[in-house]
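To start, the structure under review is shown below, and the notes come after it.
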Amino acid sequence: MLASKRILLVIGGGIAAYKVLDLIRRLKERGASVRAILTRAGAEFVTPLAVGALTETRVHTDLFDLTEEQEIGHIRLSREADLVLVAPATADLMAKMANGLANDLASTCLLATTAPVMVCPAMNPRMWSHPATRRNAETLKRDGVVVIEPASGRMAERGEEGVGRLPEPLEIVAAVERFFAGAGGGALLAGRRVIVTSGPTLEPIDPVRYIANRSSGRQGHAIAAAAARAGASVTLVSGPVAIPDPPGVTVVKVETARQMLAAVEQALPADVAVMAAAVADWRVATETSSKIKKDGSGRPPVLDLAENPDILKAIGQLGFGRPAVVVGFAAETDDVEANGRAKLARKGADLIVANDVSPETGVMGGTRNTVHVISADGAEHWPTLTKDEVAERLVRVIAARLGAAP
Ligand code: C5P
């Protein structure tokens, strides 16, 4: 139900715009109030009259309509909403949003809004898969915009097939409902403190060489971002990664496992700890302060390894001051579920998110993940989801456990 939710619908210029007429009806049926902004291109596909008839309010079309500015003003228009929904989001509109352009009413409102924003891209499959659009979609996600994946199927252009269709109105309504029910709007973790570790650790061999691993930090960062969107105060302790800091999160940057443990301990107390970093199990015990040189003997140097502290275990097994919910990850290449279960007990975690990271899955460094969430109650097998979706679901699971905790 969307009772009393105020939705500002930005209608871009694409053939799929006709579907938003039905979308408005469906949103209103569920109790939402809908105001609409029609871009100039959008108005080539649906008329202000049709949109206005369905929203039962005046449709806003141009920033430079002075009467309109006097009556409401684009800043107010953009802020008097619980959600700004962009459908269809054309490649052009996404590019404007990603770059902060503001040269018409729609893009100005999108830049001025303080409300959460959800975009439903719809375009030709080649435009959707173009690196520029991919980049823009990633930028928007990083900016905290919820990007709904387009559907696949036949396009309006004859003979074209692929990913790029606007999802059906009811699917968009479901995404909006999930948003309000879930991490996006429900402030599920309001007032909670959450610590997340993410990325690899880097263990020096000498001043120029190190041991590291292939973790991109995407899943951990997505969890930190989702927890922040859900109202938590989040400290993200991150190893070296090539992705930007998530918005609304305190980021502590570390390199080694020992630094990561110290930063996590420093960030305590917390209600929740999500240890998603790929912490190196071993460090080089004999780290030297000068670069190791070939000695001409033809014999390579031998590196002595020492075990690193296990951060998850340290937190999971804390007596006093243990976070109420401790979540670990299990990146496995075989026996994913069984190994996850064993890890739950060994590390003192409440939840283990186990995933298959064999090279053929593309999980390492990729944007999607297939996980099994293991707790003392059993295992939940989630479908293949984007790492952002995994993060949002995990936030809901954590919030539910916190709700049930004493
Ligand atoms: O034992 P394994 O490395 O497979 O366990 C993975 C889980 O333990 C992850 O949640 C990881 O972040 C955490 N871990 C840790 N410190 C370590 C090793 C693993 O926090 N030294």
Of V163, N103, I7, which is farthest on the positive side of the dipole of region 6-183, counting Cα position, with +1 on Lys and Arg Cβ, -1 on Asp and Glu Cβ, and the Cα centre as origin?
V163
Shape of region 6-183 from its Cα gyration tensor (a ≥ b ≥ c, root eigenvalues): rounded if a/c is under 1.5, otherwise prolate when a/b > b/c, or oblate?
rounded
Just the number, please: percent antiparallel of the DSSP beta bridges in region 324-389, rounded to the nearest 5.
60 percent
Nothing charged except the Cβ atoms of Lys and Arg (+1) and of Asp and Glu (-1): what's the magnitude of the dipole of the chain about its Cα centre? Round to the nearest 20 debye.
380 debye
How much mean residue ellipticity at 222 nm does the chain get from its helices, if each DSSP H run of length 4 or more adds -39500 (n - 2.57) and you divide by all residues, to the nearest 500 deg cm²/dmol?
-10000 deg cm²/dmol
Find, among the chymotrypsin sites (Phe, Trp or Tyr not before Pro) in region 253-346, those assigned to loop by DSSP (not H, G, I, E, B) with at most 16 other beta-carbon atoms within 10 angstrom.
F320
Using all Cα-Cα distances in the chain, what percent lands in each 20 angstrom bin from 0 up to the longest?
25, 48, 23, 3, 0
May I ask for the angle, rounded to the nearest 10°, between helix 218-229 and the longest principal axis of the chain, with both axes built from Cα atoms and the value confined to 0 to 90°?
60 degrees
Could you look at region 273-406 and say what percent of its accessible area is carbon and sulfur, using a 1.4 Å probe and all protein chains?
51 percent
Percent antiparallel among DSSP beta bridges confined to the chain, rounded to 5, stands at 30 percent
Might you tell me the accessible area per residue for the chain, computed with a 1.4 Å probe and given in Å²?
48 Å²
Between region 36-63 and region 79-100, how far is it from one alpha carbon centroid to the other, in angstrom?
15 Å
Region 6-183: antiparallel bridges as % of DSSP beta bridges, rounded to 5, reads 20 percent
Given the C-alpha centroids of region 241-299 and region 318-337, what is the distance between them in whole angstrom?
18 Å
Specify the longest stretch of the chain that does not include any exposed loop site, a site being one of the trypsin sites (Lys or Arg not before Pro) with a non-H, G, I, E, B DSSP assignment and at most 16 other Cβ atoms within 10 Å.
295-406
Accessible-area composition of region 6-183, carbon plus sulfur, in percent [1.4 Å probe]
52 percent
Computed on Cα atoms, the radius of gyration and Dmax of region 246-371 in angstrom are 17.8, 56
If amide H atoms are modeled at 1.01 Å from N in the peptide plane, then the residues at a separation of 5 or more from A277, or on another chain, having amide H under 5 Å from its own are T197, S198
Shape metrics for region 217-314, restricted to C-alpha atoms - Rg then Dmax, Å:
17.3, 60
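The values are calculated or read from the model by the stated rules, or taken from the named source; none is laboratory data. Quick caveat, the model's predicted, so the values are computed rather than measured. In this analysis, Cβ positions are derived from the backbone assuming ideal geometry, glycine residues included, and neighbour counts consider all displayed protein chains. Note: accessible area is taken over every heavy atom of the protein model, side chains too, but ligands, DNA and RNA are not part of it. Shrake-Rupley method; radii C 1.70, N 1.55, O 1.52, S 1.80 Å.
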